[in-house]
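The values are calculated or read from the model by the stated rules, or taken from the named source; none is laboratory data. What you see is a predicted model; the values in this text were computed from it and never measured. Positions of Cβ are backbone-derived with ideal geometry, glycine not excepted, and every protein chain shown enters the neighbour counts. For the accessible areas, the whole protein counts, side chains as well, though only heavy atoms, and no ligand, DNA or RNA atoms are used. Shrake-Rupley method; radii C 1.70, N 1.55, O 1.52, S 1.80 Å.
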Amino acid sequence: MDQAAADAMREEWAPSDKADALWAGDPFARRLLQDNAERIHASRGELLFCQGDSGDCMYLVLSGRLSVRLVADDGVETQLAELGPGMPVGEIALLTGQPRTASVYAAEDAQLLRCSRVSYERLARQHPKELAGFTQTVARRLKEVHLSQVLGTFFGIQDAQTLGWLRGELEWLHLGHSEVLFRQDEPSDAMYIVVSGRLRISTAEANGTARYVGEVSPGEVVGELGLLSGEPRTATARAIRQTDVVKVSQPVFQQLAELYPEAVMRIAKLIISRHQRSMHVPSSAQLRALVLAIIPTMTALSAAQFAEELASHLELHGTVLTVDSARLDSHLGKTGAANAEPNHPTGLIVSTWLGEQESRFQYLLLVADPEWSVWTERCVCQADRVLQLVDAHATPDVGPIEQAMGKRELLVRHELILVHPKNTVEPANTARWLAKRNVHAHHHVRAGDTAHMRRLANRLTGKALGMVLSGGGARGMAHVGVLRAMEELGIGIDLIGGTSMGSLVGAVYAMDREIDECMTLAERFASPRKLFDYTLPVASLMASKKVTRVLREMLGEVCIEDLWRPFFCVSSNLTRAEAVIHRTGPLWEAVRASIAIPGIFTPILQGRDVLVDGGALNNFPVDIMETLCEGGPVVGSSVCPMVDRYDSYEFGSSINGWRVLWSRLNPFSPTMRVPSLLGSLMRAQEIRGISGLRHSETIADMTVRPDVSRYSILDFAAYEPIIEIGYRAALDQLVPWLEQNGGQGQGDL
């Protein structure tokens, strides 16, 4: 047990003003408990209860003294406190149902009042208003215990006296759902530490829209930069759900800096760390704790079974507790506790117990009832993410629970999980589900498919691995070799995206096709005759019928939102001068737009917008994947050489095309060596993104760089050696990367 935890334990059992805090303003509650308690005698040395016992009662000391002792992991016993007349003991365990955190002995002969759980529950039913204040005080006491541990860990304070002083100087604030803690441009006069709940941070853009920046979870701080700099707030902080924070004012922090200078250094390191993350890591970086509410919006599905399967995969990333209404009733030993009204003493106990579990487990799965109930509403309001579980083959109508949720303006993220039967080959009609719902993301899961559940767990925990494939013409066939190597190394790809040729390879892979089918793709593109249909060069050199036909034959009528594996590709909007990220709609059409090299293939018309090759604006879209991965690793495959291969060309300041043609037709004339029109256009397209490529490679956690510079951008016939180069490069570069990361990234990433 570290010092911070030990100090928190002492705080839980500290006798100073504890009795006054519990009973102040509640004399009737005290009389109720006393009148319904059993008077007992404890002889010196007698054990009242043992560390680890269930909390089935509480005591009030009438006379004598009690000794509170803790046995540490190493077996050493320490006395935490002595409790005298008027002091209660065991009230936290009674209300939360948690095991006793210490053992209590009679330090001398003592007279006690013992109130059992049964007696307390009877009183709670008969006098809910009178006991509500008592319950709230105990709940607050437990939060203060958690705060002691947070402060000790965050500031590195090892001195119990300093910790006690700081705790007394902090101001508690409770924020309701969607309540604002501070707004952008307001004066900075304090920083805040989140004790429970979660804050969402956003900034106001010039066009008036709000940009999501990140979330602040329990144990984390917000507003520290303004506290030190005195500059106005740079963002707005709003509570996603019921949230408790403590305010560290500027005067308090200045005093703390004098008493404990190390605290300033810790804040400075935090600011530097956050600045570095803002440059290299997406704003929605991995959360330290996560509460997931599973809402069975279709009653035919077994939400409990789904939760158990999901929990088994979440356990690969941290500790997990799954709770439904029946389990919560069992944990607390109270039938109907889960559906107790929030302001009822039992409802307050439920809130306290759930808050305690958030501090004990990294992931908390709350399984709602199949109908709208007090427990279902609590699950929704307590969660960091709401997962709506639906039968993908049912009608996509909005159910009663969804209608009830829609009446509440919740900031919490809603995600749709479409569960498919075991025999489903390809999802379909996802657009019908999405059209009726405003969800942040959707997930396809085939029942009993371990890979799908693993991918879902990775995405929910911020551990999803995203793969990005660059453009590069024929050189892009190296991506097939890279994907093959990743499969052999056990590196699971959770999301995939790309540009131009990278979009095509990625699209085939996102359909859950085998690597051999990616080889078939390469064979289809091996012959330019199958792709190039020259026409009068008014809009482009090619009529583009052939390449369109090949794409439709390969990708069919699948829509991007129907893919098992999340996919995106990038095209460039000539009309609006902006990149287009394709995440919905026909897959073939999105890929067709992404490979529409200006001047070679005809553009794609989408409404009034003219779309061409994505390489014009983003040839290696690592930045887009970084956001979609939400903190997970990003691996890229870049086949765009900084320096193209050298050919001994022979031409001056002008080139006569007729002479070049004659030199190739006349067997007695030396062939003039000049760059091809197609090759020049494609390379010009490629080098537009060179500067962006360098930046993208700094963002990616790992970039595989197959050296395919010896091959022309049009050497589609050389797909076999190009694929082999990609395969060998991936093995050479990914194996050391995995070793440096302790094997992380394999299998379940």
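Condition check ((1) farther than 28 Å from Asn438 by Cα; (2) open to solvent by less than 10 Å² (accessible area, probe 1.4 Å); (3) in contact (Cβ under 8 Å) with a residue 24 or more places away in the chain) across all residues:
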position: Leu314; (1), (2), (3): no, yes, yes
position: Ser351; (1), (2), (3): yes, no, yes
position: Glu356; (1), (2), (3): yes, no, yes
position: Asp369; (1), (2), (3): no, no, yes
position: Arg385; (1), (2), (3): no, no, yes
Which listed residue, of Val412, Val419, Val425, is over 24 Å from the mean Cα position of the chain (by Cα) and over 16 Å from Trp372 (Cβ atoms):
Val425
When region 338-347 is checked residue by residue, the ones that are in a helix (DSSP H, G or I), out of contact with any Leu (no Cβ under 6 Å at 6 or more places or on another chain) and open to solvent by less than 30 Å² (accessible area, probe 1.4 Å) are Thr346, Gly347
Here are the criteria: (1) outside any helix (DSSP H, G or I); (2) in contact (Cβ under 8 Å) with a residue 60 or more places away in the chain. Tell me which single one Glu309 does not satisfy.
(1)
With open to solvent by 20 Å² or more (accessible area, probe 1.4 Å), within 26 Å of the chain's Cα centre (by Cα) and either at pLDDT below 90 or among the aliphatic types (A, V, I, L, M) (or both) as the only criterion, which of Gln254, Gln276 stands out?
Gln276
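Could you please let me know if Ser571 is over 22 Å from Leu465 (Cβ atoms), hydroxyl-bearing (Ser, Thr, Tyr), modelled with pLDDT of 95 or more and touching a strand residue (DSSP E or B) at 6+ places or on another chain (Cβ under 7 Å)?
yes
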When you go through (1) surrounded by fewer than 18 Cβ atoms within 10 Å (Cβ to Cβ); (2) of a type outside the set (Gly, Ala, Ser); (3) over 30 Å from Ser43 (Cα atoms) one by one for Pro128, which number turns out not to apply?
(1)
Taking the options Val350, Val380, Val386, Val390, name whichever one is at pLDDT 90 or above, outside any strand (DSSP E or B) and not small (Gly, Ala, Ser).
Val380
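Residues checked against (1) over 18 Å from Asp329 (Cα atoms); (2) part of a helix (DSSP H, G or I); (3) among the basic types (Lys, Arg); (4) open to solvent by 10 Å² or more (accessible area, probe 1.4 Å):
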residue	(1), (2), (3), (4)
Ala124	no, yes, no, no
Arg140	yes, yes, yes, yes
Glu144	yes, yes, no, yes
Val150	yes, yes, no, yes
Taking region 607-632 and the residues there that are within 14 Å of the chain's Cα centre (by Cα) and assigned to a loop (DSSP other than H, G, I, E, B), the one that is nearest to Glu415 (Cα to Cα) would be Glu630
So, in region 208-226, how many residues would count as being without any contact (Cβ under 8 Å) to a residue 60 or more places away in the chain and under 17 Å from Val195 (Cα atoms)?
4
Among the candidates Glu589, Glu578, Glu553, single out the residue that is without any contact (Cβ under 8 Å) to a residue 40 or more places away in the chain, open to solvent by 50 Å² or more (accessible area, probe 1.4 Å) and within 18 Å of Glu426 (Cα to Cα).
Glu553
Looking at Phe155 and the list (1) at pLDDT below 80; (2) open to solvent by 20 Å² or more (accessible area, probe 1.4 Å); (3) among the aromatic types (Phe, Trp, Tyr), which single condition is not satisfied?
(2)
If we scan region 463-479, do we find a residue that is touching a Gly at 6+ places or on another chain (Cβ under 6 Å), part of a loop (DSSP other than H, G, I, E, B), closer than 30 Å to Ser637 by Cβ and of a type in the set (Lys, Arg)?
yes
Closer than 23 Å to Gln136 by Cα and either acidic (Asp, Glu) or assigned to a loop (DSSP other than H, G, I, E, B) (or both) - does that describe any residue in region 413-421?
no
Given the options Val61, Val104, name the one that is modelled with pLDDT of 80 or more, closer than 28 Å to Asp329 by Cβ, assigned to a strand (DSSP E or B) and out of contact with any helix residue (DSSP H, G or I) (no Cβ under 7 Å at 6 or more places or on another chain).
Val104
Could you check how many residues of region 49-66 are in contact with an Asp or Glu (Cβ under 9 Å, 6 or more places away or on another chain) and open to solvent by 50 Å² or more (accessible area, probe 1.4 Å)?
1
Residue within region 90-98 that is among the aliphatic types (A, V, I, L, M), in a loop (DSSP other than H, G, I, E, B), open to solvent by 10 Å² or more (accessible area, probe 1.4 Å) and modelled with pLDDT under 85 present
no
Can you tell me how many residues in region 393-404 are part of a loop (DSSP other than H, G, I, E, B) and not β-branched (Val, Ile, Thr)?
5
Which residues, taken from region 703-726, are buried (at least 21 other Cβ atoms within 10 Å of the Cβ) and either in a helix (DSSP H, G or I) or modelled with pLDDT of 90 or more (or both)?
Thr703, Val704, Pro706, Val708, Phe716, Tyr719, Ile722, Ile723, Ile725, Gly726
Does region 67-76 contain any residue that is among the acidic types (Asp, Glu), modelled with pLDDT under 85, farther than 29 Å from Ala337 by Cβ and open to solvent by less than 30 Å² (accessible area, probe 1.4 Å)?
no
Looking at Gly492, Gly476, Gly497, which is the one that is within 18 Å of Val622 (Cα to Cα) and over 22 Å from the mean Cα position of the chain (by Cα)?
Gly476
Matching residues in region 126-158 - criterion: being among the basic types (Lys, Arg) and under 19 Å from Gly55 (Cβ atoms):
Arg140, Arg141, Lys143
If you go through region 169-178, how many residues are surrounded by fewer than 17 Cβ atoms within 10 Å (Cβ to Cβ) and within 27 Å of Val350 (Cα to Cα)?
6
Output the number of residues of region 393-424 satisfying the condition of being open to solvent by 10 Å² or more (accessible area, probe 1.4 Å), under 25 Å from Leu364 (Cα atoms) and at pLDDT 90 or above.
2
Could we say that Arg39 is assigned to a strand (DSSP E or B), modelled with pLDDT of 80 or more, open to solvent by 70 Å² or more (accessible area, probe 1.4 Å) and of a type in the set (D, E, K, R) here?
yes
Between Ala474, Ala510, which is surrounded by 21 or more Cβ atoms within 10 Å (Cβ to Cβ) and modelled with pLDDT of 90 or more?
Ala510
So for region 599-606 (the condition being open to solvent by 30 Å² or more (accessible area, probe 1.4 Å), more than 29 Å from the chain's Cα centre (by Cα) and free of Cβ contacts under 8 Å to residues at least 60 places away in the same chain), does at least one residue qualify?
yes
